[in-house]
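Written below as structure tokens is the structure these notes are about.
The values are calculated or read from the model by the stated rules, or taken from the named source; none is laboratory data. Treat the numbers as computed from the prediction; the structure is a model and nothing was measured. Heads up, the Cβs are rebuilt from the backbone with ideal geometry, glycines too, and the neighbour counts pull from every protein chain shown. Surface accessibility is based on the protein's heavy atoms, side chains included, excluding ligands, DNA and RNA. Shrake-Rupley method; radii C 1.70, N 1.55, O 1.52, S 1.80 Å.
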Amino acid sequence: MSTRCMIAYEHDGTIRASYCHDNGDLQGVGRILLDHYSNKEKVAELIALGHLSSLGANIGPEMPVTDENGFQEKPVTVAYTRDMGRDDDFMEPELYESRDALYREVNDAYHNFFGLVYLIYFYQNGKWYYCGADAPERWELLSDKIATINSRRPYGK
């Protein structure tokens, strides 16, 4: 089962967003966004790919190189259209009139279609924010949450 998410940013007064199918949790997509997508130009390039199968530290376009166990040796973003040949209209980035409109649509889909998307990531003014799709709208700074996760110690230590 995949942890699905939406990745979004504002461009010319509208919100552009792409769905990401795999590893959308805070330690997966959240950490990759924070560590490797820190400027608006790179975020725009990522979202322009449309919907994603998975997010890597690099945008690509080469397909990922895998080891003998099938794990990526070179973490590359895999886009449905560019890398998998999908040309469906619904693979393009989605447009919303506001961040609130994005949240409302994702939240509605979460409750009506059994959790299609679990987290929303939003890039604004050089910072990443996140919000759970299943809860009341509350945007939090992603860097603060990752720092909190990193500060936790394992049991017994």
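Quick notes
- Cross-chain or 6+ apart pairs with Cβ under 6 Å, the stretch 1-26 first and of a type in the set (Ser, Thr, Tyr), then open to solvent by 50 Å² or more (accessible area, probe 1.4 Å): Ser2/His21; Ser2/Asp22; Thr3/Asp25; Thr3/Tyr118; Thr14/Leu95
- Condition met for Ala147 (among the small types (Gly, Ala, Ser) and either open to solvent by 30 Å² or more (accessible area, probe 1.4 Å) or closer than 20 Å to Leu55 by Cβ (or both)): yes
- Among residues of the stretch 132-142, those that are in contact with a helix residue (DSSP H, G or I) (Cβ under 6 Å, 6 or more places away or on another chain) and either more than 17 Å from Leu116 (Cα to Cα) or open to solvent by 50 Å² or more (accessible area, probe 1.4 Å) (or both), counted: 3
- For the stretch 105-131, a residue qualifies if it is surrounded by 12 or more Cβ atoms within 10 Å (Cβ to Cβ) and modelled with pLDDT of 90 or more, and the qualifying residues are Leu119, Ile120, Tyr121, Phe122, Tyr123, Gln124, Lys127, Trp128, Tyr129, Tyr130, Cys131.
- Residues in the stretch 14-33 that are closer than 20 Å to Tyr103 by Cβ and either open to solvent by less than 50 Å² (accessible area, probe 1.4 Å) or among the hydroxyl-bearing types (Ser, Thr, Tyr) (or both): Thr14, Ile15, Ala17, Ser18, Tyr19, Cys20, Gly24, Leu26, Val29, Gly30, Leu33.
- Helices (runs of 4 or more DSSP H) lying entirely in the stretch 1-93 (those with 3 or more residues that are among the charged types (D, E, K, R), over 15 Å from Tyr130 (Cβ atoms) and modelled with pLDDT of 95 or more): 40-48
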